[in-house]
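Below is one structure, written out as structure tokens; the observations come after it.
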Amino acid sequence: MDASSKKVSIKTAARVRPCSHGTNLQSSLTIDSENSTIIVKSKNKEYRLNNVFDEDVTQETIYDTVAQPIVYDFLGGINGTIFAYGQTGSGKTFTMNGYKITETSDSPTRGIIPRSIESIFEILNEQSKNDPQFKFSIKCSYIEVYKKVAFDLLQTDSATVKIQASGEQIIIVGAAEFVVTSAKECLSHFKNGWNNRKTAPTSMNRESSRSHAIFMLTLVTEEIQGISVNLRTSRLNFVDLAGSENQKQTKSTGERLKEAGSINQDLSHLATVIRDLEKKDSFIQYRNCFLTHLLRDSLGGNSRTSVIVTVHSNLKFVNDTLSTLNFAENCKKVKNKAKVNVAVSTKDVEAWKTEIQRVQKDKSSLMEEIQQLKEEKEQMEKRQKEDAGTILILQNEKKTLKVEAAKHVQEVNEEKQNLQTQISFLEKNVAEQKEQINALEKSQKEAFEFQLAQMKKEYDLKIKKLSNDLNKANEKEKKREAEIAEMKQINSGLQNDNKQLKEKVQALQIINDQMKNQRDADDNYEQPDICSDNGDLDYVDENEVPIIPTDESVSSGEESDSKENEVPMQASPGSTSHQSNIIRAPNYRLGSEYYRSKWIKHLYIFDFNDKTLCYNYVIPPKNEKSKKAHFICINCKNKHKTNVCATIVSNENGEECVKLDTKKHVCQRQKFEPQTIIYEPDYKLITVECGGKKVERLYVLDSNDKTFYYDYIWNQSAQSYRCSNCVKKKHYSSAHLTKDESKKECCVLSAQKHHHDCKPKKL
């Protein structure tokens with residue numbers, strides 16, 4: 001091939017992977033994509049490359065910047081190479097292949113290789129359509145270098161391949177080459193080869209490549225211009241190098257450790273060749289390694305080469321990052337001698353003319369053969385006439401066969417007549433049996449109709465009896481309605497009497513209160529100082545403080561239904577005391593609730609008929625340190641300025657019970673809605689950047705499905721976390737981070753009435 005060549009530097013680019021989960025989230029890099037610089041902060045080292053891409057760069061931008069110029073040169077007859085270099089798990093395979101090998105053409109995460117193949121066939125097909133004199137042919141091959149041995153990935157028997165150098169050309173012996181006519185067919189071979197590639201999991205990468213893979217396209221284009229033929233041949237190499245590995249980080253052992261040693265030796269020799277090229281040494285040791293021998297044209301030879309290095313931004317991998325960036329900086333100094341591989345010839349046109357003349361001569365020969373075949377046909381017709389006598393003999397034999405066939409038909413007809421006689425006899429027997437069946441069906445029908453009439457007669461008698469019974473029942477119902485009306489009149493009179501009795505009971509209750517106060521004074525009973533108007537309990541909000549059960553809590557109890565128009569309290573179920581103001585377990589419950597940065601003791605006395613309703617008592621602040629537990633009803637105090645008290649005491653048997661005040665409740669019972677305490681890992685507190693500021697977010701996992709969560713944000717005015725989606729709907733569910741009474745870190749969620757108006761998010 002004879003074409004002008006010029007020296008072109010290897011183009012280098014760096015791509016930074018986002019910080020990996022489970023590693024140090026502190027970044028070691030400062031990235032300036034606009035000026036194509038990257039600084040390693042801890043080493044104060046700056047690198048200036050052709051392109052620098054940050055964590056947010058798209059696959060499309062990578063292709064347009066790094067790969068597309070190489071693809072265009074490849075279509076113009078210039079060899080090209082694109083290879084990815086970097087530490088294991090830094091994103092090389094993602095950059096070259098994409099997120100998945102099975103991605104469709106509309107996927108935004110497709111890598112350099114599928115995008116390049118699609119672009120190549122799109123351009124070539126368009127040119128071929130517009131120019132009838134333009135023809136092209138593409139072949140693909142795929143090999144890997146595993147433990148210093150090369151294998152063909154497109155052959156299922158793991159065939160090994162070798163390299164032979166012929167002048168400037170590199171010939172791969174033993175590798176299968178497939179002619180491809182479309183991007184779909186080419187990608188199919190690429191996917192098949194990729195599935196044969198050797199991968200294995202390490203602590204840094206679930207699918208770590210254990211070999212270097214090179215996917216090669218060879219393009220031959222042919223274009224006729226007048227009497228000359230332009231023939232271009234070019235090769236495009238896509239190189240996905242295995243990542244360099246640090247045994248302390250990957251924790252490789254056994255076979256994985258041997259593979260890592262081979263990988264690191266190949267990459268070390270590649271770096272040595274790059275340094276020798278940079279120093280312009282006269283002798284470059286390409287043959288010391290299969291990888292560098294194969295990429296000889298790509299490194300200082302006849303090729304346009306682009307190198308994209310991938311690095312971790314984590315501070316943990318800063319030494320590997322420095323090594324990778326030094327490699328990229330050295331590659332940038334290497335110059336290749338790229339040229340257009342083109343041959344112009346006029347001999348081919350003359351050869352075509354000679355071929356046309358040869359075809360015309362062949363055509364004359366074929367015409368002569370056709371004439372000879374016609375003559376042979378005439379001879380065959382002559383032979384057919386000679387065979388006419390033989391045909392006459394055969395016709396006589398045919399007549400004889402017909403006579404024999406007629407005799408055979410007569411015998412068959414006689415046998416048929418005998419069979420018809422037998423059929424007539426059988427049909428007669430069938431008719432007789434049918435008559436017998438009809439007679440039997442008629443007798444059965446008559447018996448069934450008689451039985452049906454008997455059943456109808458019995459049914460009519462039963463209906464008549466039921467009708468009489470119904471009439472008697474209606475008469476009894478009328479008598480009962482009259483009795484009910486009479487009882488209502490009696491009940492009305494009893495209600496009037498009951499009203500008078502209640503008035504008397506209230507008067508007696510006043511006297512009973514006076515006697516109780518006198519008795520308590522005589523017995524030196526320690527009454528809590530909570531019944532004065534100064535015992536303000538407005539610090540408790542019944543909507544914000546449901547019960548939090550503690551280890552000292554007992555089973556929930558019931559309180560008698562004290563409606564406003566009835567006697568204040570009756571003995572609770574399960575209590576054996578004759579005093580109406582004594583409540584025993586399990587009709588009350590003690591617990592603690594978290595409110596305004598502290599835990600508050602609560603007493604709940606349950607409704608007799610509905611255990612979901614209760615009266616809510618708390619200990620006033622000035623009685624918190626008292627030896628006896630004195631409680632006061634929250635709602636009666638806060639809403640009605642009335643003190644209704646309860647005290648934890650011991651009965652004559654030493655059993656714990658609750659002694660109630662004789663005052664009636666003026667509040668309604670509230671619904672029993674407990675707070676919820678959760679512990680890690682059911683919640684997580686994280687810090688994220690939003691608008692340049694660090695913001696705390698609380699993630700609370702859904703109790704029904706741990707793959708969903710609610711997002712809480714800090715509310716400064718409320719000093720609590722609130723659900724971000726509920727706040728947008730002017731309703732919120734709150735949460736507090738604190739320590740429980742055993743000093744263990746926990747998260748307290750608001751009562752169930754503050755339910756979520758939003759749906760949880762997918763984790």
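The values are calculated or read from the model by the stated rules, or taken from the named source; none is laboratory data. All values reported here derive from a predicted model rather than from experimental measurement. When we count neighbours, we look across all protein chains shown, and the Cβ atoms used for this are built from the backbone with ideal geometry, even at glycine. Calculation scope for accessible area: heavy atoms of the full protein, side chains included, ligands and nucleic acids excluded. Shrake-Rupley method; radii C 1.70, N 1.55, O 1.52, S 1.80 Å.
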FRET efficiency, 1/(1 + (r/R0)^6) with R0 45 Å, evaluated for Ile437 and Gln417 via beta carbons: 0.90
Rounded percent of accessible protein surface that carbon and sulfur make up, region 677-762, 1.4 Å probe: 50
Calculated FRET efficiency for the pair Ser467/Asn491, C-beta based, R₀ 30 Å, to 0.05: 0.25
Rounded if a/c under 1.5, otherwise prolate or oblate - region 301-411, Cα gyration tensor axes: oblate
Long-range amide H partners of Asn50 with built H, under 5 Å: Thr12
Length gained when the stretch Glu375-Arg48 is fully extended (0.36 nm per residue, less Cα-Cα span): 109.1 nm
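By per-residue mean of other Cβ atoms within 10 Å, what is the highest-first order of 284-290, 179-185?
284-290, 179-185
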Whichever lysines have a C-alpha closer than 20 Å to that of Lys504, once near sequence neighbours (fewer than 8 apart) are set aside: Lys516, Lys563, Lys663, Lys664
Lys706 versus Gln26: modelled label distance in nm, points set 7 Å from Cα along the beta carbon direction: 3.1
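Report the full-extension gain for the segment Met367 to Lys337: residue separation times 0.36 nm, less the Cα-Cα distance, to one decimal in nm.
Stretched fully, the Met367-Lys337 segment lengthens by 5.1 nm.
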Partner lysines for Lys361 [C-alpha distance under 26 Å; skip if fewer than 8 residues away on the same chain]: Lys347, Lys353, Lys374, Lys377
Global form of region 677-762, assessed from the alpha-carbon gyration tensor, a/c cut-off 1.5: rounded
Dimensions in Å of region 32-163 - Rg and Dmax from alpha carbons: 18.3, 60
Per-peptide average of other Cβ atoms within 10 Å, ordering 708-715, 100-107 highest first: 708-715, 100-107
Per residue accessible area in Å² of region 677-762, where ligands, DNA and RNA are left out and the probe is 1.4 Å: 64
Listed peptides 648-658, 331-341 by packing density, highest first (mean Cβ within 10 Å): 331-341, 648-658
